[in-house]
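**Student:** This is the structure I have questions about; it appears just below.
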């Protein structure tokens, strides 16, 4: 999503939360580098969705929208008390999707 979110949806990549890998800072021959590691930071599905939102935003959203079973935990976390919240779940049941 981050790769094409701005072109397709007009949303800059820094405002998109998605699965991510781990990285580390390293100095090589006096040059600072960020190196991708062969490890997963978190997977943005099921219980990973509220974790990702918390890590990137640092607070519970006031609205959430989902269209798959992988969105359930995000919706549960978003719509839990206290405070007013809005959650919408669109369940696709047709065979063409």
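The values are calculated or read from the model by the stated rules, or taken from the named source; none is laboratory data. These numbers were taken from a predicted model, which means no experiment stands behind them. Methodologically, a virtual Cβ is constructed for each residue, glycine included, from the backbone with ideal geometry; neighbour enumeration extends over all protein chains shown.
**Student:** Please work out which residue is surrounded by the fewest Cβ atoms within 10 Å (Cβ to Cβ), limiting yourself to segment 37-46 and to residues that are at pLDDT below 95 and in a strand (DSSP E or B).
**Tutor:** Selected residue: 40.
**Student:** Taking segment 52-61, which residues are in contact with a strand residue (DSSP E or B) (Cβ under 8 Å, 6 or more places away or on another chain) and either buried (at least 17 other Cβ atoms within 10 Å of the Cβ) or at pLDDT 95 or above (or both)?
**Tutor:** The one that is in contact with a strand residue (DSSP E or B) (Cβ under 8 Å, 6 or more places away or on another chain) and either buried (at least 17 other Cβ atoms within 10 Å of the Cβ) or at pLDDT 95 or above (or both): 52.
**Student:** Could you identify the single residue in 34, 75 that is surrounded by fewer than 10 Cβ atoms within 10 Å (Cβ to Cβ) and in contact with a strand residue (DSSP E or B) (Cβ under 7 Å, 6 or more places away or on another chain)?
**Tutor:** One residue alone meets the criteria, 34.
**Student:** Hey, can you tell me all the residues within segment 1-31 that are exposed (fewer than 10 other Cβ atoms within 10 Å of the Cβ) and over 24 Å from residue 51 (Cβ atoms)?
**Tutor:** The answer is 7, 8, 10, 27, 28, 29, 30, 31.
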